[in-house]
Amino acid sequence: MSNFNDFKLSKEILKAINDLGYKKPTEVQEKVIKEALLNKDLIVKSQTGSGKTGAFAIPLCERLSFDEEWDKALILAPTRELAIQISQDIKNIGRYKKLKVCTLIGKESVKEQDNDLKGKVQIVVGTPGRVLDHLDKCTLNGKMIKYLVIDEADEMFNMGFINQVEGVCRRINKNRTTMLFSATVPEKIEELTKKHMDRPVWIKCEGKGLVTEGITHGLIVVEGKEKLEKVNSILLSEIPERAIIFCRTKDNVEIAHNYFKEKGYSIDKLHGDMLQKERNKKMDSFREGRFKILIATDIAARGLDVENVTHVINIDIPVEKEAYVHRIGRTGRGGLKGSSITIMTPYEDKYLNRIEEYINLKIEPYKEKEIKDKALSEKILRQNPKKREDKKKSIKGVTKLYLNGGKKKKIRILDIVGTICSIDGIEKDDIGIIEIKDNGSTVEIFNNKGEKVLRELKNKTIKGKKLKVEKAKN
Ligand code: AMP
């Protein structure tokens with residue numbers, strides 16, 4: 001096993017990796033980082049939860065530079081939630097190099113994205129449709145894209161985005177490095193790689209199969225009308241620390257949500273009919289431990305990384321075999337244990353057969369556990385889980401501050417840096433990424449100096465203006 005030091009990474013990247021608590025590279029990181037640093041085109045077969053975000057984010061952040069106006073990296077992801085999560089991961093890795101990340105996703109303000117793109121941005125993460133819009137409007141200059149990452153390529157294909165991905169490939173710099181990540185590489189994707197990649201190196205990380213070891217798989221066969229009751233008895237006997245219950249449709253999410261809400265359980269729901277803002281808020285709440293059980297459609301299944309989900313329950317067996325792998329991949333992450341329990345009706349064997357063939361594993365009948373003390377179980381299910389800080393958003397020693405002035409008050413990065421550096425004991429190296437929006441700005445302060453800067457800024461002016469300063473909410 002190699003060590004992150006062996007890649008000869010800069011001290012800024014090594015510090016960021018250390019902050020995240022990564023001790024050693026995962027298999028995919030070990031194989032990919034080495035090749036990516038040589039600027040080779042790569043096709044990477046690896047499963048969800050394997051650390052693949054780091055595998056591309058580390059070499060990209062190593063290569064890119066804060067001063068660079070021209071070279072950019074573009075990362076395409078199949079869902080908006082995944083794009084947001086990747087942006088956060090990249091911000092964490094590029095923090096000490098002060099790399100700017102811009103997220104381009106549908107259903108969010110185009111104007112704000114246009115503005116963000118006008119500034120110095122080194123990394124753009126987005127969903128294919130919105131990225132294509134920006135390339136067509138030239139708010140994103142395709143010639144500047146020096147690195148392209150296509151993440152979860154098989155999902156893009158399943159969701160019908162492959163033409164949009166091709167459209168992006170055609171509009172950006174031909175002379176670029178491309179990395180494609182996919183759990184499987186069907187023919188259609190291979191065709192795409194032949195057209196748009198240059199002698200790609202294949203990297204396979206299939207040692208452990210499509211599903212992570214450490215997850216137990218159980219199957220229950222019941223009639224449709226008995227499903228909710230059955231799930232309830234599973235919850236009462238298993239008493240999960242945190243669980244996701246997957247349903248096939250939005251309606252089923254609503255029905256299950258109402259059923260468990262009535263029991264007073266600590267639950268919430270997520271599906272595609274909800275506004276993006278609301279979806280983001282729900283995901284943040286789930287990560288922070290504000291509720292215990294998330295009931296969702298497959299939009300919560302792809303690539304999402306929530307710590308310590310102990311159980312995944314499929315109220316409806318997935319119709320698409322790939323969805324099974326994505327759903328259960330929400331548990332057993334980062335080497336932890338997890339349980340996956342799938343419920344099907346007696347007429348759904350065809351789905352089960354397809355899944356078993358795909359994952360090369362027989363899903364054995366679930367061994368029901370005894371409900372020891374129903375009242376106590378119910379009490380626990382009604383309690384929120386232990387509150388936890390979202391590890392990816394709260395890095396030790398780093399504080400993000402919010403100032404209630406931005407572009408409209410003609411505040412520039414230099415003004416903020418100038419004022420903060422005028423505080424005794426604060427230097428440029430203590431200041432991280434600064435983001436200036438129309439009505440507000442955020443600035444990261446390193447080296448445990450956040451509290452001091454917060455205190456001192458209350459008595460200072462920025463560009464002659466008195467601004468309100470507080471800790472940023474996210
Ligand atoms: P991903 O497949 O990129 O979604 O990563 C899955 C999980 O593994 C995430 O929670 C990462 O923060 C975590 N992770 C990634 N790389 C490492 C590493 N080298 N050591 C420990 N955890 C890691």
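Does the stretch 229-252 contain at least one residue that is among the β-branched types (Val, Ile, Thr), open to solvent by 30 Å² or more (accessible area, probe 1.4 Å) and not in a strand (DSSP E or B)? Yes; the residues of the stretch 229-252 include at least one that is among the β-branched types (Val, Ile, Thr), open to solvent by 30 Å² or more (accessible area, probe 1.4 Å) and not in a strand (DSSP E or B).
One residue stands out among those in the stretch 172-229 that are at pLDDT below 95, among the β-branched types (Val, Ile, Thr) and touching a Gly at 6+ places or on another chain (Cβ under 9 Å): the one that is nearest to Tyr351 (Cα to Cα), which is Val211. The residue of the stretch 368-412 that is modelled with the lowest pLDDT, among those that are of a type in the set (Ser, Thr, Tyr) and within 22 Å of the chain's Cα centre (by Cα), is Ser394. Residue selection: Lys15 satisfies the criterion of being open to solvent by 50 Å² or more (accessible area, probe 1.4 Å), away from the ligand (no atom under 13 Å from the Cβ) and not aromatic (Phe, Trp, Tyr).
So that you can scan it fast, the table gives a plain yes or no per residue for (1) within 8 Å of the ligand (Cβ to nearest atom); (2) at pLDDT 95 or above:
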residue: Leu20; (1), (2): yes, no
residue: Lys24; (1), (2): yes, no
residue: Ile33; (1), (2): no, yes
residue: Ile43; (1), (2): no, yes
residue: Cys61; (1), (2): no, yes
residue: Phe66; (1), (2): no, no
residue: Glu69; (1), (2): no, no
residue: Ile75; (1), (2): no, yes
residue: Arg80; (1), (2): no, no
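Do we have any residue at all in the stretch 406-425 that's within 21 Å of Asp116 (Cα to Cα), surrounded by fewer than 18 Cβ atoms within 10 Å (Cβ to Cβ) and either touching a His at 6+ places or on another chain (Cβ under 9 Å) or of a type in the set (Val, Ile, Thr) (or both)? Among the residues of the stretch 406-425, at least one is within 21 Å of Asp116 (Cα to Cα), surrounded by fewer than 18 Cβ atoms within 10 Å (Cβ to Cβ) and either touching a His at 6+ places or on another chain (Cβ under 9 Å) or of a type in the set (Val, Ile, Thr) (or both), which makes the answer yes.
Yes/no per residue for (1) free of Cβ contacts under 8 Å to residues at least 60 places away in the same chain; (2) open to solvent by less than 20 Å² (accessible area, probe 1.4 Å); (3) aliphatic (A, V, I, L, M):
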| residue | (1), (2), (3) |
| --- | --- |
| Arg130 | yes, no, no |
| Asp133 | yes, no, no |
| Asn141 | yes, no, no |
| Val149 | no, yes, yes |
| Glu152 | no, yes, no |
| Asn175 | yes, no, no |
| Thr184 | no, no, no |
| Asp198 | no, no, no |
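Only one of the numbered conditions (1) closer than 30 Å to Leu275 by Cβ; (2) crowded, with 21+ Cβ neighbours inside 10 Å; (3) within 16 Å of the ligand (Cβ to nearest atom) is violated by Gln88, and that is (2). Candidates are the residues of the stretch 320-354 that are hydrophobic (A, V, I, L, M, F, W, C) and in contact with an Asp or Glu (Cβ under 9 Å, 6 or more places away or on another chain); the one that is nearest to the ligand (Cβ to nearest atom) is Leu336. Under the condition of being in contact with a strand residue (DSSP E or B) (Cβ under 9 Å, 6 or more places away or on another chain) and farther than 25 Å from Leu64 by Cβ, the residues counted in the stretch 161-191 number 6. Taken together, the residues in the stretch 253-278 that are in a helix (DSSP H, G or I), of a type outside the set (Val, Ile, Thr) and open to solvent by less than 10 Å² (accessible area, probe 1.4 Å) amount to 3.
The values are calculated or read from the model by the stated rules, or taken from the named source; none is laboratory data. Here the structure is a predicted model, which is why all the values come from computation and not from measurement. Positions of Cβ are generated from backbone atoms using ideal geometry, with glycine treated the same way; all protein chains shown enter the neighbour counts. Side chains are part of the model used for accessible areas, which takes the heavy atoms of the whole protein and leaves out ligands, DNA and RNA. Shrake-Rupley method; radii C 1.70, N 1.55, O 1.52, S 1.80 Å.
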